[in-house]
Amino acid sequence: MILENRKPAARRTVSVRGEALSVLLYEPEIPQNTGNIARTCAATHTPLYLVGPLGFKMSDRYLKRAGLDYWPYVRMKHYPDFDAARSDMRGSRLVYFSARAKTPHFDFSFQPGDCLVFGPETRGLPGELVVSHPGDMVQIPIDQARVRSLNLSTAVGIALYEALRQLRGESPRPDRLAESATAFGGGGAMTTTRLISS
C-alpha cells in the first residue's frame, strides 16, 4: 500500500467580525461560563460588558482557565449597575434573551449596534430590568419538557453567531471561508483593552 505524503491543510476561519455587536452579561454567577463567553467574544472581535455584582472575582482561577490565553484579545468593561452601562451605550439597541420571550432568535432581525443582553445563570433577567430599560425580547427555542435551559455560554454563542450571520447577509459556506491571516485584516491583529471598572 502506498500512502500519499500530503501537506497539512492551511488553517481556515470564518471571516466575520462582531464589532457591530456587543454582549452584556447581567450579574453573571459562574466564572467558567464568563470565561468561555470571553473566548467567543475574542474570536469575533465582540466587546463584552459585565454588569452589577459578579458571582466571582476577576482573579478567579476558573475564569482565567476557561478563557485560556485569549484574555489579551478580550475587550471587556465592568459596570457597577445597568444604568451606568446603558448611559455608556446610548446608541445601542438592547436585545434581551429570555425564556419568557415569544420571538425565536432566528425570526428576529438583528441590526448593527445591537447589544445582546443575558441574565444570570440561576435567575435569568429580572422583569423590572426590562421594564426600566425597554428593548426587544428574544428567546432561543428549546424543548422545555426535556431541558429547563441552555448553558449561558452556549446561549451566547448561538445568539452571537446568528446575529453575525444575519449581518453578513448569508449563511457561512465552506467556499466562503477566508485564510486566518487575512480574515480580520492586518494579519488578525486586534486592538486590545484590559478590564476597566467604572
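The values are calculated or read from the model by the stated rules, or taken from the named source; none is laboratory data. Since we're looking at a predicted model, the values are computed, not measured. Heads up, the Cβs are rebuilt from the backbone with ideal geometry, glycines too, and the neighbour counts pull from every protein chain shown.
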Over the range 143-158, the set of residues of a type in the set (A, V, I, L, M, F, W, C) and closer than 15 Å to residue 45 by Cα is 156
If you go through the range 144-154 one residue at a time, do you hit one that is modelled with pLDDT under 90, among the hydroxyl-bearing types (Ser, Thr, Tyr), surrounded by 13 or more Cβ atoms within 10 Å (Cβ to Cβ) and out of contact with any Pro (no Cβ under 7 Å at 6 or more places or on another chain)? yes
Going through the range 91-109 in order, the residues found to be farther than 17 Å from residue 143 by Cα and in contact (Cβ under 8 Å) with a residue 40 or more places away in the chain are 92, 93, 94, 95, 96, 109
